[in-house]
1. If you take the residues of the stretch 82-101 that are surrounded by fewer than 18 Cβ atoms within 10 Å (Cβ to Cβ) and of a type in the set (Gly, Ala, Ser), which of them is nearest to residue 63 (Cα to Cα)?
2. What pairs can you find where one residue is in the stretch 160-186 and under 27 Å from residue 89 (Cβ atoms) and assigned to a helix (DSSP H, G or I), the other is small (Gly, Ala, Ser) and at pLDDT below 90, and their Cβ atoms are less than 8 Å apart, with a gap of 6+ or different chains?
3. Hey, among 141, 130, 145, which residue is surrounded by 17 or more Cβ atoms within 10 Å (Cβ to Cβ), modelled with pLDDT of 95 or more and not aliphatic (A, V, I, L, M)?
4. Count, please, the residues in the stretch 66-90 that happen to be more than 22 Å from residue 149 (Cβ to Cβ), modelled with pLDDT of 95 or more and of a type in the set (D, E, K, R).
Amino acid sequence: MKYDVLYEGAFAMLKVHLNPGESVKAEMGAMVAMSPGVELRGTVDGGLMRGLGRMLSGEKFFFQELTATRGQSEVLLSPGAIGDIQAIELDGSYKLYVQKDGFLAGTHGIQVNTKMQNLTRGLFSGEGFFIIEISGSGTVFLSSFGAIHAINLGPGEEMIIDNGHLVAWPGYMDYKVEKAASGWLNSLTSGEALVCRFRGEGVVLVQSRNPGSFGTWIKSFVPSRP
């Protein structure tokens, strides 16, 4: 399946080229435009329990499935947030963990589930107890808040990442949640509090903007009630 990521950066849009019979599934409401030969339908994809699981991780219950039924077709897809789109090729050998709202679309063969984190990671990682787990073989399209940057870690290399900037990481990478600074006071007063320490080998995708920080910035302009 051919695709193009248009307007990369803050306002990215995904164009998917569909041959007759090909389909792509996307998050609910992602379709911007489509050829007349495309059939659009809503689907739970995986049944009731998987749908409920996705809701727990912050995703929507339904997907939209777009199938080319009459000739060569095109579909335009766009995420809800202002940010970039990254295509990841999965070969079925590992699972990809993704932040909530990070899944935009996937080709045939991609499964979107949820994974329950342990108590410590669930309470303090910033992602909650459930995160998105993507598996299978095909292409998955991720969306972010801001631009996407890849951090490549070699064997044994470590990187400390603010959890509000995480986008995706492979399931085989080890990570733990810890204080940002040497003590709780420094961690809190620095504005970072808790972070994730990743150990390579692997690639971690991060986003250039933090949704939580952006929300706080927006609230500063909202007049308080008297």
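1. So, considering only residues that are surrounded by fewer than 18 Cβ atoms within 10 Å (Cβ to Cβ) and of a type in the set (Gly, Ala, Ser), the one nearest to residue 63 (Cα to Cα) is 87.
2. Once the first residue is under 27 Å from residue 89 (Cβ atoms) and assigned to a helix (DSSP H, G or I) and sits in the stretch 160-186, its partners that are small (Gly, Ala, Ser) and at pLDDT below 90 give 163/125; 163/126; 164/126; 164/212; 164/213.
3. Working: 130 fails: modelled with pLDDT of 95 or more; 145 fails: modelled with pLDDT of 95 or more.
Residue meeting the stated conditions: 141.
4. 1
The values are calculated or read from the model by the stated rules, or taken from the named source; none is laboratory data. Predicted, not measured: the structure shown is a model, and the values here were computed from it. With ideal geometry, Cβ positions are generated from the backbone for all residues, glycine too; neighbour counts draw on all protein chains shown.
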